[in-house]
Amino acid sequence: MHKIINFLRASFLAKTFYSRDRQTLKKMLKSEDFSTHELNVLRSKVFQLMHDGAQNPEEIKLINWIEEVNKCLLPKTDTQSTGENRCYFSPGDDCENAIVSSIRNARHSVKICVFTISENVISEEIIAAHKRGVAISIITDNDKVNDKGSDVRWLSSEGIRIRIDEASSHMHHKFCIVDKKVLLTGSYNWTKSAADHNQENLLLTEDPKMLKSYLNEFEKLWDRFIEF
């Protein structure tokens with residue numbers, strides 16, 4: 001986002017926005033694949049640039065007017081009111097790709113609460129995120145830790161924080177929260193067989209109410225379970 005803001009700042013200072021500038025901005029926005037929330041943040045920063053460059057109270061009043069009218073003219077869709085929603089199904093790579101892509105785009109935190117993790121492609125992306133400074137927290141089932149092919153011990157050896165349940169019943173959740181803004185949930189197990197053979201589903205949503213509920217559940221389980 002900083003690169004785009006700097007581009008817009010330079011354009012604003014030059015008081016020009018040519019056709020080539022429009023094409024450049026479109027390409028930058030496409031490459032970032034911003035969420036609706038991030039686009040709204042960027043839009044607010046554009047108006048802040050205008051406020052900072054205003055020369056007198058009349059200009060500020062005009063900018064405020066443009067900003068408020070702009071808000072009214074923006075389309076009111078379900079995506080804007082509840083965040084983005086997408087669904088994926090397996091067999092096939094769609095579910096796995098959505099998980100990998102979401103973790104790859106993480107900037108601050110990834111909270112994972114899944115029954116089992118044995119797909120190396122996903123585990124490698126988790127480790128890569130950890131190494132670049134993203135805070136990773138994993139909750140998983142105690143019985144599945146010892147399964148052949150489980151990646152839990154590998155992830156733990158990389159310094160990733162993991163907690164497990166002690167119950168005879170299973171910790172059977174399959175959800176992940178990225179940057180407290182994106183929720184991935186559904187029946188999809190984080191395994192190769194889920195991608196190759198199983199009929200599974202995965203929902204990606206940015207709905208704030210859904211995120212709040214899942215965050216609360218994660219924190220509740222994190223406090224209850226033990227360190228691996």
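Residue by residue through region 14-59, note down the ones that are assigned to a loop (DSSP other than H, G, I, E, B), of a type in the set (G, A, S) and in contact with a helix residue (DSSP H, G or I) (Cβ under 8 Å, 6 or more places away or on another chain). Scanning region 14-59 gives a single hit, A54.
Every listed requirement among (1) among the charged types (D, E, K, R); (2) assigned to a strand (DSSP E or B); (3) out of contact with any strand residue (DSSP E or B) (no Cβ under 9 Å at 6 or more places or on another chain) is met by R163 save one, (3).
The test for being modelled with pLDDT under 85, among the small types (G, A, S), surrounded by 13 or more Cβ atoms within 10 Å (Cβ to Cβ) and under 30 Å from T205 (Cβ atoms) does not hold for S44.
Counting only residues that are among the small types (G, A, S) and out of contact with any strand residue (DSSP E or B) (no Cβ under 8 Å at 6 or more places or on another chain), which one in region 24-74 is farthest from K3 (Cα to Cα)? Break it down into steps so the answer makes sense when it comes.
Taking region 24-74 and keeping what is among the small types (G, A, S), we get 31, 35, 44, 53-54.
Then drop every residue that is not out of contact with any strand residue (DSSP E or B) (no Cβ under 8 Å at 6 or more places or on another chain), which leaves 31, 44, 53-54.
On the way: S31: 12, S44: 16, G53: 19, A54: 23 Å.
Filtering first and then ranking leaves A54.
Out of K220, K209, one residue alone is modelled with pLDDT under 95, part of a helix (DSSP H, G or I) and out of contact with any strand residue (DSSP E or B) (no Cβ under 8 Å at 6 or more places or on another chain). It is K209. Checked against the criterion of being in contact (Cβ under 8 Å) with a residue 24 or more places away in the chain, of a type outside the set (F, W, Y) and in a helix (DSSP H, G or I), the candidates A106, A128 yield just one match: A128.
Can you pull out the residues in region 109-125 that are surrounded by 19 or more Cβ atoms within 10 Å (Cβ to Cβ) and assigned to a loop (DSSP other than H, G, I, E, B)? So that I can check it myself, show each step before the final result.
Of all residues in region 109-125, those surrounded by 19 or more Cβ atoms within 10 Å (Cβ to Cβ) come to 110-114, 116-119, 122-123, 125.
T116, S118, E119, listed by residue number.
The values are calculated or read from the model by the stated rules, or taken from the named source; none is laboratory data. Fair warning: this is a prediction, and the values are worked out from it, not measured in the lab. Note: ideal-geometry Cβ built from the backbone for every residue, glycine included; neighbour counts use all protein chains shown.
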